[in-house]
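The values are calculated or read from the model by the stated rules, or taken from the named source; none is laboratory data. Owing to the predicted nature of the structure, the values given are computational and were not obtained by experimental measurement. Note that we place each Cβ from the backbone using ideal geometry, even for glycine, and neighbour counts take in every protein chain shown.
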Amino acid sequence: MACYTSRTYEERRTIQKLWEAGVQAKEIADKLEAPLSSIYSELRRGQDGSRLPNQRMRYNADLAQLRIQQSFERRGRRTGEGPDQKGADGA
């Protein structure tokens, strides 16, 4: 079974620094001891739409952290009443 882990904020900052320095994704994966596919996913998650001087898409660690936190908040069972649910009194 695969071991799923999320990048920490510190790892995201490291990815940002290395990416802005021109380091290739494979080298970043080797340095962080992470699968290459997870680095590419992380780079996609943190894209802010702008480009670096070397024409790479910019990676923003703060944006990636925000997006992953929002994703965690959307997960799990929903509480409260929906429009098609009845209350405890059956009304």
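The residues of region 42-56 that are in contact (Cβ under 8 Å) with a residue 12 or more places away in the chain and under 15 Å from Leu18 (Cα atoms), listed by number, are Glu42, Leu43, Gly46, Gln47, Leu52, Asn54, Arg56. In region 8-31, the residues that are assigned to a helix (DSSP H, G or I) reach residues that are of a type in the set (Asp, Glu) and surrounded by 15 or more Cβ atoms within 10 Å (Cβ to Cβ) with C-beta atoms within less than 8 angstrom, at least six apart or across chains, in these pairs: Arg12/Glu42; Ile15/Glu42.
If you filter region 46-55 down to residues that are in contact with a helix residue (DSSP H, G or I) (Cβ under 7 Å, 6 or more places away or on another chain) and in a loop (DSSP other than H, G, I, E, B), you find that the one that is surrounded by the most Cβ atoms within 10 Å (Cβ to Cβ) is Gly46.
Within region 57-77, if we keep just the residues that are more than 16 Å from Ala21 (Cα to Cα) and of a type in the set (Gly, Ala, Ser), the residue that is modelled with the lowest pLDDT turns out to be Gly76.
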